[in-house]
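Take a look at the structure set out below.
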Amino acid sequence: MEGCVKLYAAIIQGPPTFSNTPHPHGVSNGWLWLSRMLNLEPMPDITATALEAFLKVAGSAMLRVYKSQFLKLLEFLYTHYLPKIEAVTLESNLGPITRLRLYLEKIQKTGSVPEPEGRVPQSICS
């Protein structure tokens with residue numbers, strides 16, 4: 001599941017194949033995916049893992065496009081949705097939630113989202 005989410009996040013924030021055409025499935029679809037996830041009832045393990053994977057790959061691109069609105073969405077995730085995830089998760093399976101919490105706290109502390117690990121600069125792709 002985590003690999004599929006990372007692939008999707010990479011696709012939505014990557015450059016389009018042809019530079020003269022708009023991205024057929026761009027960052028706006030990432031906003032839709034994230035907002036829809038936050039409107040679902042959380043599932044143990046899966047929800048926290050999927051959110052963390054998505055944010056680590058597409059979070060920096062989402063912040064560049066949506067700026068303060070994205071930070072507000074992350075604040076909602078941290079203050080309102082994360083407790084819902086914790087409520088449905090067994091105490092022995094808190095690893096994904098802890099990783100997501102630490103990642104969100106790092107974003108709140110710095111006010112920025114780090115670029116994904118291994119990202120190739122756009123100048124190399126063109």
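The values are calculated or read from the model by the stated rules, or taken from the named source; none is laboratory data. It should be emphasised that the depicted structure is a prediction, and the values quoted were computed from it without experimental measurement. Here Cβ is always computed from backbone atoms with ideal geometry, including for glycine, and neighbour counts include all displayed protein chains. Side chains are part of the model used for accessible areas, which takes the heavy atoms of the whole protein and leaves out ligands, DNA and RNA. Shrake-Rupley method; radii C 1.70, N 1.55, O 1.52, S 1.80 Å.
For the chain, the dipole from Cβ point charges (+1 on Lys and Arg, -1 on Asp and Glu) about the Cα centre works out to 400 debye, to the nearest 20.
With viscosity 1.567 mPa s and temperature 4 °C, the Kirkwood radius over alpha carbon pairs of the chain converts through Stokes-Einstein to a diffusion coefficient of 85 µm²/s. Using a probe radius of 1.4 angstrom, the carbon and sulfur fraction of the accessible surface of the chain is 60%. Think of region 46-126 as a dipole: +1 on every Lys or Arg Cβ, -1 on every Asp or Glu Cβ, centred on the Cα centre; then among Tyr81, Ala61, Gly95, Ala61 lies furthest on the positive end.
Straight-line cross-link partners of Lys84 among the aspartates and glutamates, defined as a Cα under 18 Å from its Cα and at least 8 positions apart when in the same chain: Glu41, Asp45, Glu52, Glu75, Glu105.
Order Met62, Met1, Met37, Met43, most accessible first, counting only protein heavy atoms with a 1.4 angstrom probe.
Numbers: Met62 0, Met1 140, Met37 30, Met43 105 Å².
Final ranking, largest accessible area leading: Met1, Met43, Met37, Met62.
Relative to the dominant Cα principal axis of the chain, helix 2-13 is inclined by about 40°.
Mind ranking Val57, Val65 by accessible surface for me, highest first, 1.4 Å probe? If you can, show how the numbers build up before the last one.
Details: Val57 25, Val65 80 Å².
If we order Val57, Val65 from most to least accessible, we get Val65, Val57.
What the pair-distance distribution of region 22-66 shows, using all Cα-Cα distances binned every 5 Å from zero, is 5, 20, 30, 24, 13, 6, 2, 0 percent.
Across the protein chains, with a 1.4 Å probe defining accessible surface, the residues Thr21, Thr89, Thr110 rank Thr110, Thr21, Thr89 from largest area downward. Check the straight Cα-Cα distances from Lys106 and name the lysines below 19 Å, setting aside those fewer than 8 residues away within the same chain. Excluding near neighbours in sequence, the set is Lys56, Lys67, Lys72.
Please give the per residue accessible area of the chain, computed with a probe of 1.4 Å over protein heavy atoms only, in Å². Please list the in-between numbers first.
Numbers: 7630 Å² over 126 residues.
Per residue, the chain has an accessible area of 61 Å².
Against the compact-protein benchmark of 2.2 N^0.38 Å, the Cα-based radius of gyration of region 56-114 scales to 1.17.
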